Amino acid sequence: MVTIPDEKELLAASCHIGHRKEKWNPRMAPYLYGIQRGIHVFDLTRTHECLKKVCDALSKLQAEGKTILFVSTKQQTIPMIEELGKSLHQPTVTKKWIPGLLTNWGNMKRRLKYYLDLQHSFQSGEVEKYTKKEQTQLRKKLMKLDAALSGVAQMTQLPDAIVVVDAVRDVVAVNEACKLKIPLYGICDSNADPSNFTLCIPANDDAVKSVTLILSTIGSALSESKKKEAKEAIER
């Protein structure tokens, strides 16, 4: 079983630091300890409890083979999210969110098919039937599609759950998930709206140490769940 960071570890990672009090969302009040020097401070007991609940919920989904989409377009978190998705074989969005990725899934599926077909044409050499000029145009198109869609290329259906690192920055992803009633998990800083989330982790979503600790804990929990499921599958 994965050990959830205690209050001291969360404190050391700056998970307790929120935004200036003027920027707060009143719905975050139950998760706050108070105000220090004009900045909201999280109740790390709640952060610990919520992180455990999120890990338990996501581990169950991972064990059931469900699709979990990880989203963060923050530059400093991109390597973490991409590594998490790769190790868990789950889709990720780390570039600009594509409007309609979820709510216009029918069109998005067709776009993904075109992207994969174009990718295959280059890998198989089929693209050589086109002129040099046409190949150059197609290569540029592939590079553009690769930057936007590579993280979700293998997603064949809407995700069963979404994990968002920054609820304010990636609010379009949050809104699309809410509209489709897709379970939503993630970090909520003091300026976020936790009512949009199935389960939230009240914590600092700006400090790299804070986000790294939270994501590594989630990753460890899901990896353990994945290994356990694989072992049980062999024994069955």
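What follows draws every value from the coordinates through simple rules; no lab data is involved. A quick note: this is a predicted structure, and the numbers were derived from the prediction, not measured. Cβ placement follows ideal geometry from the backbone for every residue including glycine, while neighbour counts extend to all protein chains displayed.
Build a GNM of the chain with springs between Cα atoms under 10 Å: which of PRO91, PRO159, PRO79 gets the top mean-square fluctuation?
Checking each option, the largest mean-square fluctuation is seen for PRO79.
List the residues, sorted by chain then number, that are 5 or more residues from TYR33 or on another chain and whose placed amide H is less than 5 Å from its amide H.
Here the answer is VAL41, PHE42, ASP43, since their amide H atoms fall under 5 Å of that of TYR33.
Restricting things to alpha carbons, find the Rg to Rh ratio for segment 98-215 using the Kirkwood radius for Rh.
1.11
Just the ratio, please: alpha-carbon radius of gyration of segment 122-181 over 2.2 N^0.38 Å, N its number of residues.
With N residues counted in segment 122-181, Rg over 2.2 N^0.38 Å equals 1.65.
Taking every Cα atom in segment 30-141, find the radius of gyration and the maximum pairwise distance Dmax, and write them in Å.
Spelled out, the Cα radius of gyration and Dmax of segment 30-141 are 21.1, 67 Å.
Karplus couplings for segment 149-164 from phi (6.51 cos²θ - 1.76 cosθ + 1.60, θ = phi - 60°), rounded to Hz, Gly and Pro as x?
Rounded to whole hertz, the list is 10, 4, x, 10, 4, 9, 7, 9, 8, 4, x, 7, 7, 10, 10, 10.
Hey, what do the phi angles of segment 80-94 turn into as Karplus ³J(HN,Hα) couplings, whole Hz, using 6.51/-1.76/1.60 and θ = phi - 60°, x for Gly and Pro?
So the Karplus estimates, Gly and Pro as x, are 5, 5, 5, 5, 4, x, 5, 5, 9, 6, 10, x, 9, 10, 10 Hz.
If I build a Gaussian network model for the chain, linking alpha-carbon pairs within less than 10 angstrom, which residue out of THR156, THR73, THR92 has the largest mean-square fluctuation?
THR156
Mind listing the Cα extents of the chain along all three principal axes, in Å, largest one first?
That gives 66, 51, 30 Å along the principal axes, largest extent first.
Can you give the translational diffusion coefficient of segment 105-151 in µm²/s, computed by Stokes-Einstein from the Kirkwood radius over Cα pairs at 37 °C and 0.692 mPa s?
D, rounded to a whole number, is 297 µm²/s.
How large is ³J(HN,Hα) for each residue in segment 9-14, as worked out from phi by the Karplus curve 6.51 cos²θ - 1.76 cosθ + 1.60 (θ = phi - 60°), to whole Hz, x for Gly and Pro?
Result, rounded to whole Hz: 5, 5, 5, 4, 8, 6.
So which cysteines of the chain have no other cysteine's Cβ under 4.7 Å from theirs?
Among the cysteines of the chain, those whose Cβ sits 4.7 Å or more from every other are CYS15, CYS50, CYS55, CYS178.
Cα axis of helix 44-63 to longest principal axis of the chain: angle in degrees, 0 to 90, nearest 10?
Value to nearest ten degrees: 30.
Sort 129-138, 172-181, 112-121 by the packing proxy (mean of other Cβ within 10 Å over each peptide's residues), most packed first.
Put in order of decreasing packing, that is 172-181, 112-121, 129-138.
Which residue fluctuates most in the GNM of the chain (Cα springs below 10 Å): GLN76, GLN157, GLN123?
Among GLN76, GLN157, GLN123, the largest mean-square fluctuation in the Gaussian network model of the chain belongs to GLN123.
To make sure I understand, if each residue's beta carbon is the centre and we count other beta carbons within 10 Å, what order do SER59, SER223, SER190 fall in, fewest to most?
Least to most surrounded, the residues fall as SER223, SER59, SER190.
Residue separation times 0.36 nm, minus the C-alpha to C-alpha distance between ALA29 and LYS129: what's the value?
So the extension gain works out to 29.8 nm.
With respect to the cross-link table entries LYS66/LYS113; LYS66/LYS181; LYS86/LYS226; LYS109/LYS141; LYS66/LYS226, which display a Cα-Cα separation exceeding 19 Å?
Where the Cα-Cα span goes over 19 Å, the pairs concerned are LYS66/LYS113.
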